[in-house]
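Structure, as structure tokens:
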């Protein structure tokens, strides 16, 4: 893949259907090797391991002390014509979508691979051949291929006067897309948003088209309405599927003629308005049910843009998550366990849910590393098998929390470091997260105290 200041063009992967490009790649999304990318375009095998260990070279050689020299392999399965994952004899296991890999397991699109303290994302997507991909923008952030395609579409259609219909689930960022369209359009007027689900059906016409003084009870003075307020700019109709049926022909007239008639007025008012509408509903079904006009749908959908759900663009989860965490008064860092839990969640309410979850988690973290216990229980459910029972737990008693046993506001004594290493089974990434330090600092403590962390690792 090559990149430029304006766009990216996909050149890797195997052509799957005429005019399309199937792109299969492994992307490191968490860990010290974050950003490394391996395009899978052959039978392999592709080996994942520790950088400097001599067994692995290239982008899948990870600078992660928790990764074995040869940790995992990605191999081509000729029978299923897809890739599969297998452990390569690692000391602490390979995990696929939260489960330990046993034998050879298929790699499904969107799979999350855990090796050591590093997380890799497997992508298998079909894109138009040599498709331009717009890089991240301040208004529409997210490095995924899915959003790159959306930004490329916006760049094409934004300068055109045609209406645009934005489709996507609740919380996916449809208003951000509308704002990006307005910014790229070159229109000098205002961006005027209206949530059609939040206005009274009785006042909807006046809200959109304005009214004269005395047009109805309570109309003491003239109002231009939002359509005129957006003259020369963009009117964003969010949740347009909620627009009252009786108002739809008047909106159709405004779109087709570029003029509106305020309530109580006899003459129309001209307005040069670009309309962007958005909905999470199936408007075609609503047309079939008689709840939405087919001619209005045809007019609104001059160009349709679908925003992928967050679960369909997992590359964006941690990138957006880090942006949200950076807003905290004391921005926490993400532990590997917490990052893995975020990637494995389905995010039914999309980006809005991600922001709310991480805002609350940052408060719980209190400026220290954000660990999985700071997340809602529903998010860490898929990691429940990752917890190995301690001797106390096996005996039927609850072990004392490490935070009670070992202070974290000063360097540990030999016994204290021994306690943490024992409880966390020598996982240096988790030990470093517990103390809120870099792993190199923990290694320095261990060396000074005469402790070998490798002896604590679970075989």
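The values are calculated or read from the model by the stated rules, or taken from the named source; none is laboratory data. Computed from a prediction, not measured in an experiment: that's the story for all the values here. Because the Cβ atoms are built from the backbone with ideal geometry, glycine has one as well, and the counts that use them run over all protein chains shown.
Key figures
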| read-out | value |
| --- | --- |
| Members of segment 40-61 that are within 29 Å of the chain's Cα centre (by Cα) and over 22 Å from residue 109 (Cβ atoms) | 49, 50, 51, 58, 61 |
| Residue that is nearest to the chain's Cα centre (by Cα) [pool: residues in segment 272-298 that are touching a residue at least 40 places away in the same chain (Cβ under 8 Å), surrounded by fewer than 19 Cβ atoms within 10 Å (Cβ to Cβ) and within 25 Å of residue 192 (Cα to Cα)] | 280 |
| Segment 373-393, residues that are buried (at least 21 other Cβ atoms within 10 Å of the Cβ) and at pLDDT below 90 | 380 |
| Enumeration of residues in segment 250-261 that are under 18 Å from residue 210 (Cβ atoms), touching a helix residue (DSSP H, G or I) at 6+ places or on another chain (Cβ under 8 Å) and either in a helix (DSSP H, G or I) or at pLDDT 90 or above (or both) | 250, 251, 252, 254, 255 |
| Only listed residue being closer than 26 Å to residue 346 by Cα, outside the structural domain of residue 317 (by TED's automatic domain parsing) and in contact (Cβ under 8 Å) with a residue 40 or more places away in the chain, chosen from 97, 64 | 97 |
| Which listed residue is surrounded by 14 or more Cβ atoms within 10 Å (Cβ to Cβ), closer than 20 Å to residue 371 by Cα, in contact with a helix residue (DSSP H, G or I) (Cβ under 9 Å, 6 or more places away or on another chain) and at pLDDT below 85, from 417, 402 | 402 |
| Of residues in segment 319-337 being assigned to a helix (DSSP H, G or I) and modelled with pLDDT under 95, the one farthest from residue 382 (Cα to Cα) | 336 |
| Residue that is outside the structural domain of residue 421 (by TED's automatic domain parsing) and surrounded by fewer than 15 Cβ atoms within 10 Å (Cβ to Cβ), where the choices are 91, 69, 104 | 104 |
| Residue 329 outside the structural domain of residue 167 (by TED's automatic domain parsing), more than 26 Å from residue 184 (Cα to Cα) and surrounded by fewer than 17 Cβ atoms within 10 Å (Cβ to Cβ) | yes |
| Whichever residue in segment 420-459 is at pLDDT below 85, within 37 Å of the chain's Cα centre (by Cα) and surrounded by fewer than 13 Cβ atoms within 10 Å (Cβ to Cβ) and, among such residues, is nearest to residue 32 (Cα to Cα) | 454 |
| Test: residue in segment 105-119 that is within 19 Å of residue 428 (Cα to Cα) and under 16 Å from the mean Cα position of the chain (by Cα) | yes |
| Unmet criterion (only one of (1) more than 18 Å from residue 25 (Cβ to Cβ); (2) touching a residue at least 24 places away in the same chain (Cβ under 8 Å)) for residue 156 | (2) |
| Scan of segment 262-283 for residues that are more than 23 Å from residue 304 (Cβ to Cβ) and assigned to a strand (DSSP E or B), ordered by number | 263, 269, 270 |
